[in-house]
Amino acid sequence: MTDARNPGAQGPDSQDPEGADRQGLDARLVVDRGGFRLDVALTAAPGDVVALLGPNGAGKTTALRVLAGLVPLSGGHLRLDGVPLERVAPESRPVGVVFQDYLLFPHLSALDNVAFGPRCQGRGKAEARALAAAWLERMGLAEH
């Protein structure tokens, strides 16, 4: 998985000194796993919704695991609101990932599954459900 917009990107250890001041996500994810190499640049402004699309084996799950801190970078950088996250433990990152359906709570509605994250961050039940409803609507999933 590479950044088609920047095929001549510098090596995996290159740093973007201007990126330290950026708000949102600024990442150059380089991961070597056996014979597979993920090398992708991702940027997103606060509030943006990002979808990773590609065929099986392209590196979508690896990229998500890196963002969540479950797989270490071989090179590159990962910053959120200018803060480097490369050495931040998964449980301390303001990033979460739910892999497919096996980590959902089957006894909860879609609304309550989505509201679980904000509740874990200390938000009240009504506020968490309102946030969850807004996200479900934004994703076209409100009827679920």
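Values in this text are rule-based calculations from the coordinates and carry no lab data. As the structure is a prediction and not an experimental result, all values here were calculated from the model. So basically every Cβ, Gly included, is an ideal-geometry build from the backbone, and we count neighbours across all protein chains shown.
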task: Could you calculate the FRET efficiency of Arg123 with Ala58 from 1/(1 + (r/R0)^6), where r is the beta carbon distance between them and R0 is 35 Å, rounded to 0.05?
output: 0.50
- line: Percent of all alpha-carbon pairs of region 17-88 at distances over 19 Å, whole number, is 31 percent
statement: For region 54-70, Karplus-derived ³J(HN,Hα) couplings (6.51, -1.76, 1.60; θ = phi - 60°; whole Hz; x for glycine and proline) come out as x, x, 3, x, 6, x, 4, 5, 4, 4, 5, 5, 5, 4, 7, x, 8
- prompt: Once Rh for region 98-144 is found with the Kirkwood sum over Cα pairs, what is the Stokes-Einstein diffusion coefficient at 10 °C and 1.306 mPa s, in µm²/s?
  reply: 147 µm²/s
- line: Once Lys and Arg are counted +1 and Asp and Glu -1 for all other residues with Cβ under 14 Å from that of Ala133, the total becomes +1
- prompt: Arg138 to Gln23: extension gain in nm, 0.36 nm per residue of separation minus the Cα-Cα distance?
  reply: 39.2 nm
query: What full-extension length gain, to one decimal in nm, is calculated for Ala130 and Arg37 as 0.36 nm per residue of separation minus the Cα-Cα distance?
result: 29.5 nm
Relative contact order (%) - criterion: Cα under 8 Å, at least six apart; region: region 17-88: 43 percent
message: Show log10 I(q)/I(0) for region 59-144 at q = 0.14 Å⁻¹, two decimals, from a solvent-free Debye sum over equal Cα scatterers.
response: -0.61
- prompt: What order do you get for 47-53, 84-90, 36-42 when each peptide is scored by the mean count of other beta carbon atoms within 10 Å, highest first?
  reply: 36-42, 84-90, 47-53
